[in-house]
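Undergrad: Handing you a structure now.
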Amino acid sequence: WYQRRVRDGSALKNVVLDKNAFLNEDVIVFVDPKSGNVTRSLGSKHFIMPHGIFVDHHDNIFVTDVALHQVLKFEVNKTEPSLVLGTKFEPGKDSAHFCKPTSVVVTAEDFIFVGDGYCNSRVLKFNKDGKFVGEFGKGSVKTGVPGSMNLVHDLTISHADRMIYVADRENGQIHVMTYKGNFTAVYSVPGNVYAIDYIPDIRAIAAVNISDTNSPAKVVLVNADSGEITGVYPTNDSDFTMPHALTYIHHIGIFLGEIASPFRIWKLSEIHKH
């Protein structure tokens, strides 16, 4: 599926092979968090390889696409994007181009932060109209240096603290960054960090952690102030196959999305109490 759409070879690196391979299915699906029932969907024929999703305080939906190298914004009850960041089908590393952007978060002041991503190892900031504001972080395989990142795979936000947390997947780290782009700390998590979300109730970051191919994936809780790991769930071996996304819903629980068969969404309903 991936190979049909994006070439990683040196001749056509990060370029879509079939520019007509837009997905006919709706890729944005609304699911009732208590019943699991699908309530509506949208997004058909807009995406080739969607990756990250974020819903802001206005209920606008932002989705990244690693094949298009773009971020698309959908306003409430709209089926066409009202804002597009990045240049379609053109990977790059300037302010007008992404290279496989993975994630996005939006502040209460409507500033947009984009994790970019599989190629560029950086975070970019835009205003609500899509005007470029700044670029933060740098590519590095070194560990332990705030802002030196390998693969920016997910972002989460603490509105109260005005902080952005960055999941550096391959380095197994979570970088702590202010809204102004200053990196203040870096926390280590064993293995790779695929997805993160901030839990304000307990001032913790929930992270999907995969230590190696022979170990089951876990959800770890990381103290947002100290970086200390305060919990690992489930405590026994999990049935997770390949969790790739994570989100927390206040007083309901943590939800994990898997990208390998049987393509499930898991709900951990009690984790927020610990």
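The values are calculated or read from the model by the stated rules, or taken from the named source; none is laboratory data. Keep in mind that this is a model prediction, so the values were computed, not measured. So basically every Cβ, Gly included, is an ideal-geometry build from the backbone, and we count neighbours across all protein chains shown. Each accessible area value is taken on the protein alone, full model and side chains, heavy atoms only, with ligands, DNA and RNA left out. Shrake-Rupley method; radii C 1.70, N 1.55, O 1.52, S 1.80 Å.
Undergrad: Hey, does region 162-182 have a residue that's over 14 Å from the mean Cα position of the chain (by Cα), among the aliphatic types (A, V, I, L, M) and assigned to a loop (DSSP other than H, G, I, E, B)?
TA: No, region 162-182 contains no residue that is over 14 Å from the mean Cα position of the chain (by Cα), among the aliphatic types (A, V, I, L, M) and assigned to a loop (DSSP other than H, G, I, E, B).
Undergrad: Can you tell me which residue within region 86-101, out of those that are crowded, with 24+ Cβ neighbours inside 10 Å and touching a Gly at 6+ places or on another chain (Cβ under 8 Å), is farthest from residue 52 (Cα to Cα)?
TA: 98
Undergrad: Just the residues that are part of a loop (DSSP other than H, G, I, E, B) and surrounded by fewer than 22 Cβ atoms within 10 Å (Cβ to Cβ), please, taken from region 183-195.
TA: If the condition is that a residue be part of a loop (DSSP other than H, G, I, E, B) and surrounded by fewer than 22 Cβ atoms within 10 Å (Cβ to Cβ), then 190, 191 are the ones that fit.
Undergrad: Next question, about the same structure. If a residue has to be farther than 19 Å from residue 102 by Cα, surrounded by fewer than 12 Cβ atoms within 10 Å (Cβ to Cβ) and of a type outside the set (D, E, K, R) to count, how many in region 209-262 make the cut?
TA: The number of residues fulfilling the criteria is 9.
Undergrad: Count, please, the residues in region 106-144 that happen to be among the charged types (D, E, K, R), in a strand (DSSP E or B) and modelled with pLDDT of 95 or more.
TA: 4
Undergrad: Looking only at region 145-155, decide whether some residue is outside any loop (DSSP other than H, G, I, E, B), open to solvent by 30 Å² or more (accessible area, probe 1.4 Å), at pLDDT 95 or above and in contact with a Lys or Arg (Cβ under 8 Å, 6 or more places away or on another chain).
TA: no
Undergrad: Now for a separate question. Take residue 158 and decide whether it is modelled with pLDDT of 95 or more and under 24 Å from residue 188 (Cβ atoms).
TA: Against the criterion (modelled with pLDDT of 95 or more and under 24 Å from residue 188 (Cβ atoms)), residue 158 qualifies.
Undergrad: Exactly one of these conditions fails for residue 103: (1) small (Gly, Ala, Ser); (2) over 20 Å from residue 59 (Cα atoms); (3) in a strand (DSSP E or B). Give me its number.
TA: Tallying (1) small (Gly, Ala, Ser); (2) over 20 Å from residue 59 (Cα atoms); (3) in a strand (DSSP E or B), residue 103 fails exactly one: (2).
Undergrad: Consider residue 124 carefully, then state whether it is in contact (Cβ under 8 Å) with a residue 24 or more places away in the chain, closer than 21 Å to residue 157 by Cα and crowded, with 24+ Cβ neighbours inside 10 Å.
TA: yes
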